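What follows is calculated from the coordinates using simple rules that are stated; it is not laboratory data. Predicted model only: the values in this text are computed from it and were never measured.
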């Protein structure tokens, strides 16, 4: 009798735990994570650039690596309020920008973008935006590659991941 009670108790606890896991939405969350991961990989493949994570970017900064970090978010709504220290602003749109359009880059021309990136085609260029699903940084990285820059990296976590890691931010305010 004690054995049956113990077995039943263990079964109830196990089913409750399993039921909690199954009913918690964890599996649906995983599908969303997978969609984001696959989308990011496909963007990287199309753009022919690499990616870097938050800790990797911070380590490069701490070592004093010669690089240009480009925030691709709107200046007034984002960059001005907070950005990765040392970053420069150059806005790109969210949808794929297959042709250069000054209206989509806050009125800035392709020549201004080239001037910002500089003459060294091998310099490390890091592009970021707000968060993983944001594709502004993808557009910046793609255009740098199209213009012949070879050491192009996208930081997909963006300012949200940077702040989430409790790293310091800069502001123009």
Run through the DSSP bridge list for the chain and note the antiparallel percent, rounded to the nearest 5.
5 percent
May I ask for the angle, rounded to the nearest 10°, between helix 26-47 and the longest principal axis of the chain, with both axes built from Cα atoms and the value confined to 0 to 90°?
20 degrees
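Restricting to Cα pairs below 8 Å that are 6+ residues apart, what does the relative contact order work out to for the chain? Please round to a whole percent. Before the final figure, lay out the partial values.
Numbers: 240 pairs, mean separation 47.0, N = 173.
With pairs under 8 Å counted, the relative contact order is 27 percent.
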Value at 222 nm in deg cm²/dmol, rounded to 500, when DSSP H runs of n ≥ 4 in the chain each add -39,500 (n - 2.57)
-14500 deg cm²/dmol
Cα pair count fraction exceeding 20 Å, expressed as % - the stretch 42-113
43 percent
State whether the stretch 49-164 is rounded, prolate or oblate according to the following rule on the C-alpha gyration tensor (a ≥ b ≥ c being the square roots of its eigenvalues): a/c under 1.5 gives rounded; otherwise a/b larger than b/c gives prolate, and the remaining case gives oblate.
oblate
Quick check: the angle from helix 136-146's long axis to the longest principal axis of the chain, C-alpha only, nearest 10 degrees?
50 degrees
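Where Rh is the Kirkwood radius over the Cα pairs of the stretch 97-140, the temperature 25 °C and the viscosity 0.890 mPa s, what D in µm²/s does Stokes-Einstein return? Intermediate values should be presented prior to the final figure.
Details: Rh = 11.8 Å.
Here the translational diffusion coefficient equals 208 µm²/s.
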Quick one: angle between helix 54-63 and the longest Cα principal axis of the chain, in degrees between 0 and 90, rounded to 10, please.
50 degrees
